[in-house]
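The values are calculated or read from the model by the stated rules, or taken from the named source; none is laboratory data. Given the structure is predicted, the values throughout are model-derived calculations rather than measurements. All Cβ positions, glycine included, derive from the backbone under ideal geometry; neighbour counts span all protein chains shown. All accessible areas refer to the heavy atoms of the entire protein, side chains included, with ligands and DNA or RNA removed. Shrake-Rupley method; radii C 1.70, N 1.55, O 1.52, S 1.80 Å.
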Amino acid sequence: MTIVELMVVISVIGILAGLTMSIVLSHRYAGRDAERISDVESIARAFETSYMRDATTTSGPSYPTTTTATTVSGYDSLFRRQSLSITKAPDTTTATSIVAATTTAQPQAPTKNQYIYLPLTSSNSLCTTGPTCVRFLLYYRLEGTNTVQVVESIHQQ
């Protein structure tokens, strides 16, 4: 075998290894994105359940405030009998990935490790105290396409 042949074989192996790595990474991104989507849907369902549960109170229905939705201490009432792992983005070690929006500017810009919760009042201002949260937006970023996605509340008062 000549040096030229050896270099060709090494180049081909390098190209195949590069292609294999890109395929493996895209599948990892797709898997984490599927988990991310499932988590956000579960979080949104918990917020909707909280809204319906509050409908029977004298103050009327309300989505969780930023404090309730973003602190582990507020999760007992929101995520009854659910694993709190749904509040953590894939491949993160933080206690929760739900963070409160600090502005109503849209769209929000979450990282791949965040779910940004934006509860709104009837005047479209940030809802930090209840029971005036009449709708919400939940933002997250897909890792594979690096695009921001949003889930809207069912009730849009």
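Peptides 147-153, 135-141 ranked from most to least packed, by the mean per-residue count of other Cβ atoms within 10 Å: 135-141, 147-153. Kirkwood analysis of the Cα pair distances in the range 1-89 returns a hydrodynamic radius of 16.9 Å. Sorting 29-40, 9-20 by average packing, meaning the other beta carbons within 10 Å per residue, from highest down gives 29-40, 9-20. Note on the range 66-121: Cα-Cα pairs beyond 15 Å make up 49% of the total pair count. Accessible area per residue for the range 1-146, computed on protein heavy atoms with a 1.4 Å probe, is 56 Å². Dipole magnitude for the range 1-60: computed about the Cα centre from +1 point charges on Lys and Arg Cβ and -1 point charges on Asp and Glu Cβ, it is near 40 debye. Average projection, convex hull of the Cα set of the chain: 11.8 square nanometres.
Rounded to the nearest 10 degrees, the angle from helix 3-54 to the longest Cα principal axis of the chain is 10 degrees. Given +1 at the Cβ of Lys and Arg, -1 at the Cβ of Asp and Glu and no other charges, the dipole of the range 36-151 around its Cα centre is 40 debye to the nearest 20.
Measuring nothing but protein heavy atoms, the accessible surface of the range 18-157 at 1.4 Å probe radius is 55 percent carbon and sulfur.
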